[in-house]
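Some notes on the structure that comes next.
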Amino acid sequence: MNKRVIILTVFLLLASAFLSAQSKWYEKEAQFYEEMGQDYVQCHLCPHNCLLKEGQKGICGARKNINGKLYTIVYSRPVAINIDPIEKKPLYHFYPGSRILSISTAGCNLRCNFCQNWEISQSNPSEVNTEKKTPKQIIDLAKQYECKSIAFTYTEPTIFYEYMYDIANLAQENNIKTVMVTCGYINEEPFRKLCQYLDAANIDLKGFSEDFYDTYTTGQLQPVLNILKTAKEENINIEITNLVIPQANDSTNIIREMCNWIADSLGTQYPLHFSRFFPKYKLLNRAPTPFETLDKAREIAQEAGIEYVYIGNISSQYEDTFCPACGKKLIDRSGYHINFNKIEKGRCPFCEQKIYGRW
């Protein structure tokens with residue numbers, strides 16, 4: 001073998017090793033799965049509990065059976081990193097006016113036909129452009145841009161659980177808060193484990209019937225209700241969002257049932273955001289939600305006793321926070337901008353009423 005051939009062979013071997021290493025940096029053995037024999041594994045991260053044969057991915061596209069073990073293939077592989085006002089999550093009762101570092105990977109474990117971020121949530125994680133960002137690098141970014149907290153958001157954070165978990169662990173060590181913006185489609189055990197390091201969550205209660213979830217999301221309602229109760233038990237800061245979709249989940253009876261369930265099962269103190277629908281993804285044959293529908297939903301929620309009710313995705317006076325006891329305006333908002341915040345040490349300065357949240 002001449003010298004030129006030897007050099008070429010070594011180069012090809014090194015190139016192969018490099019490419020192999022590059023293709024592996026985002027693979028990490030997953031948590032919450034069971035080896036079933038004959039190279040099958042069953043994922044127990046979310047209620048789908050996907051049973052996967054060798055080489056198969058779960059419904060999320062982010063977890064794969066490789067040689068009889070389950071791997072996350074999106075670890076340290078964010079598709080979006082941004083700095084947002086925390087009100088955009090939406091979180092109105094968790095350090096209002098602060099900046100939050102928002103991250104996500106591609107993929108989702110639901111198939112909502114109205115998805116507002118479908119370009120990344122419904123993409124195959126192995127086919128999108130990403131960059132490598134380790135958990136420590138995410139913490140460093142939060143520090144660099146003076147973000148008080150980190151949000152796992154845009155897509156469904158459950159699907160990048162291991163990445164989220166490791167970031168949240170490091171964040172706690174560095175006195176950085178963490179927020180999960182989630183559809184709540186996660187099993188109880190992994191959610192409770194995450195809550196050791198999680199400070200807040202906005203949980204998307206997409207509708208209030210199994211028929212709605214089956215028709216529009218491919219998921220189920222009950223697991224989401226269970227996670228809402230679990231979040232309360234774990235004492236993390238909770239806010240709830242309901243995207244009101246015409247001819248889907250906007251009937252006054254359904255909204256009333258949902259609000260009564262929240263008040264009876266969780267309590268009246270948790271902020272509820274009614275969000276305006278705009279035609280997106282596959283649900284293009286519906287008009288945007290009329291303001292009158294959103295206003296009626298707010299009225300129903302208040303009748304159920306819910307103390308903080310907001311209307312989002314539309315400019316309105318219902319973005320402001322009022323004291324549930326004396327009725328005085330405590331936070332004045334214009335979109336994501338805070339004009340004033342009068343809450344002092346978590347209380348109304350006019351009547352000393354305790355205001356739910358972290359201030």
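Every read-out reported here was derived from the displayed coordinates using simple, explicitly stated rules and does not represent laboratory data. All values derive from a computational prediction rather than experimental measurement. A quick note on method: Cβ atoms are made from the backbone with ideal geometry, for glycine too, and the neighbour counts reach across all protein chains shown.
Just need a number here: residues in the range 297-354 that are among the polar types (S, T, N, Q) and under 16 Å from ILE86 (Cβ atoms). Qualifying residue count, the range 297-354: 4.
What about ILE120, is it of a type in the set (A, V, I, L, M, F, W, C) and part of a helix (DSSP H, G or I)? Yes. Residues of the range 93-132 that are of a type outside the set (Gly, Ala, Ser), touching a helix residue (DSSP H, G or I) at 6+ places or on another chain (Cβ under 8 Å) and within 30 Å of GLU344 (Cα to Cα): PHE94, TYR95, PRO96, ARG99, ILE100, LEU101. Taken over the range 205-220, residues that are surrounded by fewer than 20 Cβ atoms within 10 Å (Cβ to Cβ) and either closer than 23 Å to TYR310 by Cα or in contact with an Asp or Glu (Cβ under 9 Å, 6 or more places away or on another chain) (or both) amount to 3.
Filtering the range 215-232 to residues that are assigned to a helix (DSSP H, G or I), touching a Leu at 6+ places or on another chain (Cβ under 9 Å) and more than 19 Å from ALA297 (Cβ to Cβ) leaves LYS229, ALA231, LYS232. Between ILE159, ILE139, ILE150, the distinction of being among the β-branched types (Val, Ile, Thr), out of contact with any His (no Cβ under 9 Å at 6 or more places or on another chain) and part of a strand (DSSP E or B) belongs to ILE150 only.
Is it true that ILE167 is buried (at least 20 other Cβ atoms within 10 Å of the Cβ), among the aliphatic types (A, V, I, L, M) and outside any strand (DSSP E or B)? Spell out how you get there, then give the answer.
On the way: buried (at least 20 other Cβ atoms within 10 Å of the Cβ): yes; among the aliphatic types (A, V, I, L, M): yes; outside any strand (DSSP E or B): yes.
For ILE167, the condition - buried (at least 20 other Cβ atoms within 10 Å of the Cβ), among the aliphatic types (A, V, I, L, M) and outside any strand (DSSP E or B) - is met.
Of the residues making up the range 255-296, those that are part of a helix (DSSP H, G or I) and under 23 Å from the mean Cα position of the chain (by Cα) number 9.
How many residues are hydroxyl-bearing (Ser, Thr, Tyr) and without any contact (Cβ under 8 Å) to a residue 40 or more places away in the chain when one looks only at the range 242-267?
The initial filter retains those residues of the range 242-267 that are hydroxyl-bearing (Ser, Thr, Tyr), namely 251-252, 265.
Adding the requirement that they be without any contact (Cβ under 8 Å) to a residue 40 or more places away in the chain leaves 251.
Of the residues in the range 242-267, 1 are hydroxyl-bearing (Ser, Thr, Tyr) and without any contact (Cβ under 8 Å) to a residue 40 or more places away in the chain.
On the basis of being assigned to a loop (DSSP other than H, G, I, E, B) and among the hydrophobic types (A, V, I, L, M, F, W, C), does PHE208 make the cut? Yes; evaluated as a whole, the condition is true for this residue.
Report yes if ILE236 is among the β-branched types (Val, Ile, Thr) and crowded, with 23+ Cβ neighbours inside 10 Å, otherwise no. So ILE236 does not fit the description; no.
When the range 93-124 is limited to residues that are among the hydroxyl-bearing types (Ser, Thr, Tyr) and touching a strand residue (DSSP E or B) at 6+ places or on another chain (Cβ under 9 Å), the one that is surrounded by the fewest Cβ atoms within 10 Å (Cβ to Cβ) turns out to be SER98.
Do we find a residue being in a helix (DSSP H, G or I), out of contact with any Gly (no Cβ under 7 Å at 6 or more places or on another chain) and surrounded by fewer than 22 Cβ atoms within 10 Å (Cβ to Cβ) anywhere in the range 239-247?
No, every residue in the range 239-247 fails to be in a helix (DSSP H, G or I), out of contact with any Gly (no Cβ under 7 Å at 6 or more places or on another chain) and surrounded by fewer than 22 Cβ atoms within 10 Å (Cβ to Cβ).
Are there any pairs, at least 6 apart or on different chains, whose C-beta atoms fall under 9 Å, with the first in the range 27-40 and free of Cβ contacts under 8 Å to residues at least 12 places away in the same chain and the second of a type in the set (A, V, I, L, M) and outside any loop (DSSP other than H, G, I, E, B), and if so, which? Pairs that qualify, where the first residue is free of Cβ contacts under 8 Å to residues at least 12 places away in the same chain and the partner is of a type in the set (A, V, I, L, M) and outside any loop (DSSP other than H, G, I, E, B), are GLU34/VAL41; GLU34/LEU70. Looking only at residues of the range 170-192 that are part of a helix (DSSP H, G or I) and among the hydrophobic types (A, V, I, L, M, F, W, C), we find that the one that is surrounded by the fewest Cβ atoms within 10 Å (Cβ to Cβ) is LEU170. If we scan the range 314-322, do we find a residue that is touching a residue at least 24 places away in the same chain (Cβ under 8 Å), assigned to a loop (DSSP other than H, G, I, E, B) and in contact with a strand residue (DSSP E or B) (Cβ under 6 Å, 6 or more places away or on another chain)? Scanning the range 314-322 turns up at least one residue that is touching a residue at least 24 places away in the same chain (Cβ under 8 Å), assigned to a loop (DSSP other than H, G, I, E, B) and in contact with a strand residue (DSSP E or B) (Cβ under 6 Å, 6 or more places away or on another chain).
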